[in-house]
1. Does residue 124 satisfy the condition of being assigned by TED's automatic domain parsing to the domain that holds residue 200 and either surrounded by fewer than 12 Cβ atoms within 10 Å (Cβ to Cβ) or at pLDDT 95 or above (or both)?
2. Determine which member of the set 114, 129 is assigned by TED's automatic domain parsing to the domain that holds residue 213 and closer than 15 Å to residue 208 by Cβ.
3. Taking the conditions exactly as written (in contact with a strand residue (DSSP E or B) (Cβ under 8 Å, 6 or more places away or on another chain) and either outside the structural domain of residue 136 (by TED's automatic domain parsing) or modelled with pLDDT of 95 or more (or both)), does residue 208 satisfy them or not?
4. Which of (1) assigned to a loop (DSSP other than H, G, I, E, B); (2) buried (at least 20 other Cβ atoms within 10 Å of the Cβ); (3) touching a helix residue (DSSP H, G or I) at 6+ places or on another chain (Cβ under 7 Å); (4) modelled with pLDDT of 95 or more does residue 153 not meet, given it meets every other one?
5. Quick one: which residue in 195, 182, 174 is without any contact (Cβ under 8 Å) to a residue 12 or more places away in the chain and either outside the structural domain of residue 115 (by TED's automatic domain parsing) or surrounded by fewer than 17 Cβ atoms within 10 Å (Cβ to Cβ) (or both)?
6. State all residues of the range 177-202 that are touching a helix residue (DSSP H, G or I) at 6+ places or on another chain (Cβ under 6 Å) and either modelled with pLDDT under 95 or not in a helix (DSSP H, G or I) (or both); if no residue qualifies, say none.
7. Looking only at residues in the range 156-176 that are part of a strand (DSSP E or B) and in contact with a helix residue (DSSP H, G or I) (Cβ under 8 Å, 6 or more places away or on another chain), which one is nearest to residue 196 (Cα to Cα)?
8. Only residues that are in contact with a helix residue (DSSP H, G or I) (Cβ under 6 Å, 6 or more places away or on another chain), in a loop (DSSP other than H, G, I, E, B) and more than 16 Å from residue 154 (Cα to Cα): list them for the range 100-140, please.
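The values are calculated or read from the model by the stated rules, or taken from the named source; none is laboratory data. If you're wondering where the values come from, they're calculated on a predicted model, not measured in any experiment. Quick reminder, even Gly has a Cβ in these numbers, built from the backbone with ideal geometry, and neighbours come from all protein chains shown.
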């Protein structure tokens, strides 16, 4: 397979290096009637996927033809802001599964708070939301494996984690009296989260500090 891919390259095959494998995702597809199909340039090539740059005449002509037909058909073409937002949502969804697996694996498959090891009951909680473009990246240092109960409590600022990995429980929970589940949450006060063995996988202290400020503000 590598030799077949290398055959498509123009560079020296003796210096192949490794191959990057990716995929393309088509979103918001729409279809014209066959009578409205737009002829494309007869460019030579063996690869089934072709793209056309609007910076050159052929690409620009195709874009203008599609845009003109789409307006006639009542198809709404996304503007730049809409396209960026859509691409960001797709990227976030693609990252979620790999983020979850990486975070849970770093903690040997256990909740950082309760040590629960049932995979179906574990989530990868973001310390800083992925809506934050600066600190919300889907990296292990921005996550903790939490049971679904503790994840909900963390997102709701009912429990917090300080930069020294200490656990805190919101005062409104500490002042309540209820069943064993609430009592188990209250007992977290003053404890510490379980940390991964690898130092580089531990929660980032700066992110924890920023998140802990939100916990204190909510209290």
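1. Yes.
2. Matching residue, one of 114, 129: 129.
3. Working: in contact with a strand residue (DSSP E or B) (Cβ under 8 Å, 6 or more places away or on another chain): yes; either outside the structural domain of residue 136 (by TED's automatic domain parsing) or modelled with pLDDT of 95 or more (or both): yes.
Considered against the rule, which asks whether it is in contact with a strand residue (DSSP E or B) (Cβ under 8 Å, 6 or more places away or on another chain) and either outside the structural domain of residue 136 (by TED's automatic domain parsing) or modelled with pLDDT of 95 or more (or both), residue 208 comes out as yes.
4. For residue 153, the exception is condition (1).
5. 182
6. Of everything in the range 177-202, just one residue is touching a helix residue (DSSP H, G or I) at 6+ places or on another chain (Cβ under 6 Å) and either modelled with pLDDT under 95 or not in a helix (DSSP H, G or I) (or both), namely 196.
7. Among those that are part of a strand (DSSP E or B) and in contact with a helix residue (DSSP H, G or I) (Cβ under 8 Å, 6 or more places away or on another chain), it is 161.
8. The answer is 135, 138.
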